[in-house]
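S.K.: Quick one: this structure, given as structure tokens, is what I'll be asking you about.
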Amino acid sequence: MPPTQMNTATAPPGSLITLDGQIQWAGLLLGPGTDYEIADSGITGWADLPGLDSGDVLRPDQHGAWPGSQWSQARTVTAPVWLLPDQPSQAAAVAAQFRAATAVHSGEQWLAVRLHGETLACRARVNQRSIPQDRMFVTHGAAKATVQWVCADPRRFAIEEQTVSTGLPTPEKGLSWKADGLSWPLDWGAPGSTGLVTAFNAGDAPANPVIEFRGPVRRPSLTRLSDGLRIEYDIALAPSDVLTVDTGAGTVVLNGTTSRIHTATAWSTPELLFQLDPGDSSFAFRCEPGSFDSDVDKPQPSVSVTWRNAHW
């Protein structure tokens with residue numbers, strides 16, 4: 001059957017996968033139902049815990065060490081792949097597609113794997129590839145190739161993005177008094193906003209969210225309620241402005257073009273440390289007092305938090 005490929009610039013990770021055991025890499029689909037079957041030994045390194053760097057310090061006068069931080073190393077994933085064209089005449093095309101997908105590239109792409117109905121993805125680069133040109137390949141066009149990826153960020157992510165958002169706190173209007181007093185049912189007015197939002201990371205690893213502040217607002221901030229960790233920027237956003245904070249890349253960009261990381265206040269934590277731990281994380285959206293108009297007929301400031309559930 002012909003290899004299935006796609007434009008990886010716009011497609012989400014794992015969008016070609018339909019069956020358990022399939023792998024999607026650089027727009028190429030591997031596994032059941034394709035010309036690229038995974039060998040019986042299966043992939044290795046995908047569900048393993050990556051190597052760890054330890055900050056432990058040996059005790060000079062006692063047994064053992066003082067425990068320090070642990071940081072995971074890169075993840076290495078290896079897959080043995082059978083190149084199995086339907087006809088020997090298709091061998092060159094099948095091998096060419098495989099070579100093109102596993103060529104040398106400086107940038108990372110999504111590596112997605114589906115097992116037992118769950119599809120997870122890592123950002124990865126090809127580290128090694130072998131395609132034996134043995135008698136089987138020469139006579140039948142079949143070859144048992146091997147490809148190895150290195151994932152600099154070892155976390156495996158859900159393919160669906162999650163987003164929650166909220167506006168700034170606004171007061172409730174309260175009871176609506178009429179000339180003849182109150183009448184049943186009582187009209188308490190539209191409920192106000194608390195400016196609080198909760199994000200749920202369903203994985204077992206911390207996730208780095210992308211946070212978007214939208215104007216009009218001055219000095220927007222988002223505070224993690226569990227420990228008071230805050231990101232805050234001394235900047236005035238117009239109604240059309242969007243300040244995007246990528247806590248994975250450690251960037252702060254205004255309207256998708258201009259860096260504004262220098263606007264971080266003294267109270268602001270480094271962006272890379274502002275993470276979603278497994279489970280619920282609650283945040284408070286705040287700004288400089290009096291910097292926005294609460295008139296509902298005018299554009300209202302907001303913040304959104306977008307993430308993928310992360311797994312080791």
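The values are calculated or read from the model by the stated rules, or taken from the named source; none is laboratory data. Source: prediction; values computed, not measured. Backbone-built Cβ (ideal geometry, glycine too); neighbour counts: all protein chains shown.
S.K.: Hey, among Arg123, Arg99, Arg129, which residue is touching a Leu at 6+ places or on another chain (Cβ under 9 Å) and either outside the structural domain of Asn208 (by TED's automatic domain parsing) or assigned to a loop (DSSP other than H, G, I, E, B) (or both)?
M.R.: Numbers: Arg99 fails: touching a Leu at 6+ places or on another chain (Cβ under 9 Å); Arg129 fails: touching a Leu at 6+ places or on another chain (Cβ under 9 Å).
The conditions single out Arg123.
S.K.: Which of the numbered conditions does Cys151 fail, given that it passes all the others? Conditions: (1) touching a Cys at 6+ places or on another chain (Cβ under 7 Å); (2) more than 26 Å from Asp246 (Cα to Cα).
M.R.: Tallying (1) touching a Cys at 6+ places or on another chain (Cβ under 7 Å); (2) more than 26 Å from Asp246 (Cα to Cα), Cys151 fails exactly one: (2).
S.K.: Could you run through the range 250-264 and say how many residues are surrounded by 13 or more Cβ atoms within 10 Å (Cβ to Cβ) and in contact with a strand residue (DSSP E or B) (Cβ under 9 Å, 6 or more places away or on another chain)?
M.R.: Number of matching residues: 9.
S.K.: Ok, one more. Can Ala266 be described as without any contact (Cβ under 8 Å) to a residue 24 or more places away in the chain and of a type in the set (Gly, Ala, Ser)?
M.R.: Here the answer is yes, as Ala266 does meet what is asked.
S.K.: Would you call Pro278 surrounded by fewer than 16 Cβ atoms within 10 Å (Cβ to Cβ) and touching a residue at least 60 places away in the same chain (Cβ under 8 Å)? Break it down stepwise before answering.
M.R.: Values: surrounded by fewer than 16 Cβ atoms within 10 Å (Cβ to Cβ): no; touching a residue at least 60 places away in the same chain (Cβ under 8 Å): yes.
Here the answer is no, as Pro278 does not meet what is asked.
S.K.: Right, here's the next one. Among all residue pairs at least 6 apart or on different chains, which show Cβ distances below 7 Å where the first residue, located in the range 16-34, is assigned to a loop (DSSP other than H, G, I, E, B) and the second is of a type in the set (Val, Ile, Thr)?
M.R.: Close Cβ pairs satisfying both conditions: Leu16/Thr4; Ile17/Thr119; Gly21/Ile38; Ala26/Thr8; Gly27/Thr8; Gly31/Ile23; Gly31/Ile38; Thr34/Thr4.
S.K.: Out of curiosity, is Leu243 in contact with a strand residue (DSSP E or B) (Cβ under 8 Å, 6 or more places away or on another chain), more than 14 Å from Leu168 (Cβ to Cβ) and either of a type in the set (D, E, K, R) or crowded, with 17+ Cβ neighbours inside 10 Å (or both)? Explain how you work it out, then say what you get.
M.R.: Values: in contact with a strand residue (DSSP E or B) (Cβ under 8 Å, 6 or more places away or on another chain): yes; more than 14 Å from Leu168 (Cβ to Cβ): yes; either of a type in the set (D, E, K, R) or crowded, with 17+ Cβ neighbours inside 10 Å (or both): yes.
Answer is yes for this residue.
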